[in-house]
Amino acid sequence: MDGLEESCRRLLGPARKQADLLRDVRELVLDDIGKEPPRLGAVAKALKLSPKSLERRLRFRRTSFSRIVDDIRRDLSSQWLRDTDMTLDQVAFLAGYAATAAWLRAFKRWTGTTPKRFRELR
């Protein structure tokens, strides 16, 4: 085993494959979204990692904790707007936003349109 491969193995951890770590982080974020804001420290603790180690492992996989949270919020918001009659305030709250205005800005950034227009086009 060459030095680079050994470094990668140490970085990834002994039994953790790339997909496993990303899946585990997503599951932990999904479990808490809408209940409390997703926190890197809490997810790292649940995975028995330090926050720095989790950040490093995610960076190695070309992503970040905030990117994962953002992607989950986008996907859930889009699904709820398409498949339910929930109000925009309800969707914003369930997606983990304390203020609907912040969610509206994020949704426009994600999709290039407003939630109302998105829902009309479904």
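Quick note: the coordinates plus some simple rules give every number you see, no bench work behind them. Here the structure is a predicted model, which is why all the values come from computation and not from measurement. Positions of Cβ are generated from backbone atoms using ideal geometry, with glycine treated the same way; all protein chains shown enter the neighbour counts.
In table form, for the structure just shown:
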quantity	calculated
Count of residues meeting criterion [surrounded by 14 or more Cβ atoms within 10 Å (Cβ to Cβ), within 21 Å of Glu27 (Cα to Cα) and either of a type in the set (Phe, Trp, Tyr) or free of Cβ contacts under 8 Å to residues at least 60 places away in the same chain (or both)] in the range 76-100	8
Qualifying residue in the range 28-37 (condition: of a type in the set (Val, Ile, Thr), crowded, with 17+ Cβ neighbours inside 10 Å, touching a residue at least 40 places away in the same chain (Cβ under 8 Å) and outside any helix (DSSP H, G or I))	yes
Residues of the range 79-122 satisfying the condition of being more than 17 Å from Gly34 (Cβ to Cβ) and of a type in the set (Asp, Glu)	Asp85, Glu120
Qualifying residues in the range 42-58 (those that are assigned to a helix (DSSP H, G or I) and over 14 Å from the mean Cα position of the chain (by Cα)) - the one surrounded by the most Cβ atoms within 10 Å (Cβ to Cβ)	Arg57
Selected residue (criterion: nearest to the chain's Cα centre (by Cα)) from residues of the range 73-108 that are of a type in the set (S, T, N, Q) and assigned to a helix (DSSP H, G or I)	Ser77
Single unsatisfied condition, Arg119 versus (1) surrounded by 11 or more Cβ atoms within 10 Å (Cβ to Cβ); (2) under 17 Å from the mean Cα position of the chain (by Cα); (3) assigned to a helix (DSSP H, G or I)	(2)
